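Working notes, beginning with the structure itself.
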C-alpha cells in the first residue's frame with residue numbers, strides 16, 4: 001500500500017496560529033462554511049477559563065497534575081516517523097485509541113496551561129498519523145473497531161486543535177475524517193455484523209465505538225445528516241441494551257468503560273449541537289455508578305475481574321459525566337476509591353491498560369463537577385448487598401479496607417463474546433486478602449472458576465456456541481445475611497449427563513464474616529460420577545490441607561490473614577488437595593500459558609451418584625479467631641450452628657430447596 005510522505009505544510013506565524021478561533025474562521029470561511037465553530041464538540045473557547053479554575057484545587061488538581069505529567073512524557077514521542085502503535089496495549093489494534101490518548105492529553109494540557117508546545121506536538125502527531133496511514137490501514141489492523149477509534153481520534157483532534165493548524169493541515173485532517181466517516185456509514189448500512197439492529201449487537205461496546213465515531217465525524221464537519229441520524233440510532237441502542245434493568249453491564253466493567261468512552265462524549269456533543277438529549281429517557285444510566293461501586297475491592301484501586309473484564313475500569317470519563325449529571329456523591333466516593341489519591345492515584349490514566357485508556361483524564365476533567373463532594377456509602381445508609389436483574393449479586397460486611405466482599409453469578413448475558421462458562425461461581429475477599437478469585441480475562445472456562453466439574457467436564461454448549469446461561473431461582477434477605485440460589489443445569493453439555501446443578505450461596509455479615517455454600521448435582525443414569533469442587537485463590541497465597549478435619553486453610557499474601565474452607569458434607573470419601581499446576585497449560589490465540597501464572601487451585605473430589613457439597617468459608621486475622629461450626633441432621637436436611645463472635649450465634653437450616661438463617665444473642669461466653 002502506497003504511503004503518503006510526512007511533509008509539514010508551510011507554517012503560518014505562531015501569533016496567528018495561536019490567535020482567536022473567530023479570526024481564523026473569518027480568514028478561512030470559504031473552506032469550512034458548513035462547519036461549526038471549533039472547539040465546540042465538548043467545550044468552547046469561552047469554557048477554558050472555567051476549566052482552568054476547576055483544576056486549581058481538590059482532586060481535580062491532582063488529576064490535572066497526572067495529566068500534565070503524561071503530557072510531558074508524550075512530548076518525547078517522535079513524529080518523524082510517528083509510532084502509530086502504543087506499547088503496553090495490543091499493538092496495531094489500538095492505534096486509534098493511542099492517538100486519541102496522546103493527542104487529547106497534549107491538547108487539553110496545552111489549553112489549560114496556555115503552553116503552545118503541547119498543542120504544537122499534538123498537531124505534529126495528528127498530521128504524521130494522517131500522512132503515514134489511511135482508513136484502509138485501520139481496517140487491516142482491527143476492522144470496524146479500529147476505524148471507530150480512528151474516527152473518534154481525528155474528529156476530537158480536529159475540534160480541539162483547529163486554531164493550532166494551518167489550513168493545509170486542516171484540509172488533510174478533514175479528508176481523513178470524511179474517509180473514516182464514509183467507511184463507517186457504508187459498513188453500517190450493509191446491515192451485517194455491527195450494522196445489525198438487534199439487541200445482541202447493539203449491547204456490545206463495538207457498536208458504541210463505531211457509531212459514536214461516525215457521529216463525531218458528522219458533528220465536527222457540520223454536514224452528512226444521514227451519518228448523524230445513523231449514529232444516534234445505534235448509540236441509543238447501546239444505551240438501551242448494554243445493561244439490565246438494575247444497571248449491571250452484560251460485558252463487564254472494562255468493556256462498559258470503553259463503550260462509554262465513545263457513547264457518552266457523543267451524547268454530550270449531540271446535545272451541545274442542539275440535536276437533543278439521548279440520555280434523557282435512559283433510566284438505567286443513573287444506576288451504572290452503583291453497579292461499579294459494588295465491584296470495587298474493599299481496599300480500592302481494583303474491581304472484581306469477571307469474565308473478560310480487567311481489574312481496572314479503564315477510560316472513566318464517561319462514568320464521570322454520569323456522576324455529575326445525576327449528582328451521585330456516593331458514586332464519586334467509589335470512583336475516587338478506585339482512582340483518586342486513596343486508590344491507585346492514576347485518575348483513570350493507567351498506561352498499562354489493555355485499551356490504551358484513550359482520553360480518560362481529559363474527559364474526566366471536562367465532565368467533573370467541582371461542587372460535587374464524595375459521600376461514603378455508610379453515611380448514605382447504602383445497603384451492603386445488591387441483587388442484579390440479570391442474575392448477579394454482591395455482598396459486603398462493610399465499606400472499610402478489611403471488610404469482606406463476595407460476588408455470585410448465575411444468569412443471562414445479552415451480549416455474546418465474553419462469557420466464561422462460570423455459572424454458579426463466586427468470589428470472596430476479606431481481611432485485606434483475595435481468598436477466592438475470578439482470574440479475569442484469562443484463563444476462561446469452568447475449570448478456572450469457583451464452580452464444580454463433572455467427570456472433568458465443565459459447562460459448554462452442545463451447539464458449539466460461545467455462551468452458556470444459568471438462572472437465578474431465589475434471593476433472600478435476613479437482615480444480617482443474604483442468600484441467592486442459582487441453577488446451572490442447562491449450562492452443562494449433554495455429554496456431562498447433568499440433570500441438576502444447583503448452588504445455594506449465603507453471605508453472613510459478622511465480626512468474622514463467612515459464607516455457606518450448598519451444592520446439589522445429579523446425573524440421570526444413576527451411575528457414579530466424579531465431582532470436583534473448585535476454589536481458585538491468588539497465586540501469592542498459600543494453601544494448607546487438613547484432610548482429617550475435612551478442611552483447608554488459605555493464608556493470604558498481603559496481611560497473612562486466614563480463610564477456612566470447611567466441608568460439612570460429604571464427611572467421608574472427600575479428597576481435598578491443592579492441584580499441582582506445574583506443567584499444566586492452556587492455549588489462547590496461538591500462545592501457550594501456564595495455569596500457575598494466574599492462580600492456585602484447591603480441589604475437593606469425590607465419586608457418587610448424587611453429589612451434595614456443603615462448605616463453610618470464614619476469614620479472620622488469625623486461625624484461633626475463626627468461628628466454631630457445629631452441625632446435625634442429614635445432607636438434605638442440615639442444621640448448622642456458627643458462632644462468629646462472642647455476642648452472637650447463628651443457626652442455619654439447609655435443605656435441597658432453601659437456606660434459612662437466624663441470629664441469636666448469646667447469654668454466656670462460648671465454652672468451645
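What to note about this one:
- Residues located in segment 29-83, provided they are surrounded by 14 or more Cβ atoms within 10 Å (Cβ to Cβ), without any contact (Cβ under 8 Å) to a residue 24 or more places away in the chain and assigned to a loop (DSSP other than H, G, I, E, B): 37, 44, 83
- Sole exception among (1) more than 19 Å from residue 636 (Cα to Cα); (2) under 27 Å from the mean Cα position of the chain (by Cα) for residue 555, by number: (2)
- Those residues of segment 632-647 which are touching a residue at least 40 places away in the same chain (Cβ under 8 Å) and either crowded, with 17+ Cβ neighbours inside 10 Å or in contact with a helix residue (DSSP H, G or I) (Cβ under 8 Å, 6 or more places away or on another chain) (or both), in sequence order: 635, 638, 640, 642, 644
- Candidates 377, 443 - the one that is touching a residue at least 12 places away in the same chain (Cβ under 8 Å) and in the same structural domain as residue 513 (by TED's automatic domain parsing): 443
- Filter result for residue 459 (closer than 19 Å to residue 438 by Cα and out of contact with any strand residue (DSSP E or B) (no Cβ under 6 Å at 6 or more places or on another chain)): yes
- One residue from 218, 242, 257 being at pLDDT 95 or above and not assigned by TED's automatic domain parsing to the domain that holds residue 420: 218
- Where strands (runs of 3 or more DSSP E) fall wholly inside segment 495-565, the ranges with 3 or more residues that are surrounded by 21 or more Cβ atoms within 10 Å (Cβ to Cβ) are 500-508, 514-522, 529-537.
- Of the helices (runs of 4 or more DSSP H) lying entirely inside segment 155-235, the ones with 1 or more residues being without any contact (Cβ under 8 Å) to a residue 12 or more places away in the chain are found at 167-189, 199-202.
- Residue match in segment 40-54 (condition: in contact with a helix residue (DSSP H, G or I) (Cβ under 8 Å, 6 or more places away or on another chain) and more than 30 Å from residue 223 (Cβ to Cβ)): yes
Rundown of residues vs (1) closer than 22 Å to residue 48 by Cα; (2) modelled with pLDDT of 95 or more, yes/no style:
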residue: 70; (1), (2): yes, no
residue: 83; (1), (2): no, no
residue: 86; (1), (2): no, no
residue: 102; (1), (2): yes, no
residue: 116; (1), (2): yes, yes
residue: 147; (1), (2): no, yes
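- Summed over segment 597-632, the residues that are under 22 Å from residue 425 (Cβ atoms) and part of a strand (DSSP E or B) give a count of 18.
- Here residue 581 passes the criteria (1) farther than 17 Å from residue 532 by Cα; (2) in contact with a strand residue (DSSP E or B) (Cβ under 8 Å, 6 or more places away or on another chain); (3) not in a strand (DSSP E or B) except the one numbered (1).
This table checks each residue for (1) in contact (Cβ under 8 Å) with a residue 40 or more places away in the chain; (2) assigned to a loop (DSSP other than H, G, I, E, B); (3) buried (at least 17 other Cβ atoms within 10 Å of the Cβ).
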{"residue": "450", "(1), (2), (3)": "yes, yes, yes"}
{"residue": "459", "(1), (2), (3)": "no, yes, yes"}
{"residue": "463", "(1), (2), (3)": "no, yes, no"}
{"residue": "466", "(1), (2), (3)": "yes, yes, no"}
{"residue": "469", "(1), (2), (3)": "yes, yes, yes"}
{"residue": "474", "(1), (2), (3)": "yes, no, no"}
{"residue": "479", "(1), (2), (3)": "yes, yes, no"}
{"residue": "483", "(1), (2), (3)": "yes, no, yes"}
{"residue": "486", "(1), (2), (3)": "yes, no, yes"}
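- Flag for residue 338 being touching a residue at least 24 places away in the same chain (Cβ under 8 Å), buried (at least 21 other Cβ atoms within 10 Å of the Cβ), in the same structural domain as residue 58 (by TED's automatic domain parsing) and not in a loop (DSSP other than H, G, I, E, B): yes
- Contact annotation: residue pairs with Cβ atoms under 6 Å, 6 or more positions apart or on different chains, pairing a residue in segment 297-320 that is closer than 16 Å to residue 403 by Cβ with a partner that is surrounded by 23 or more Cβ atoms within 10 Å (Cβ to Cβ) and at pLDDT below 90, are 303/253.
- Yes/no for residue 146 being under 24 Å from the mean Cα position of the chain (by Cα) and closer than 30 Å to residue 75 by Cβ: yes
Per-residue answers, yes or no, for (1) within 23 Å of residue 546 (Cα to Cα); (2) in the same structural domain as residue 440 (by TED's automatic domain parsing); (3) surrounded by 15 or more Cβ atoms within 10 Å (Cβ to Cβ); (4) in contact with a strand residue (DSSP E or B) (Cβ under 6 Å, 6 or more places away or on another chain):
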residue: 577; (1), (2), (3), (4): yes, yes, no, yes
residue: 585; (1), (2), (3), (4): no, yes, no, yes
residue: 596; (1), (2), (3), (4): yes, yes, yes, no
residue: 599; (1), (2), (3), (4): yes, yes, yes, yes
residue: 603; (1), (2), (3), (4): yes, yes, yes, yes
residue: 619; (1), (2), (3), (4): yes, yes, yes, yes
residue: 656; (1), (2), (3), (4): no, no, no, yes
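The values are calculated or read from the model by the stated rules, or taken from the named source; none is laboratory data. As the structure is a computational prediction, the values presented were derived from the model and not from experiment. In this analysis, Cβ positions are derived from the backbone assuming ideal geometry, glycine residues included, and neighbour counts consider all displayed protein chains.
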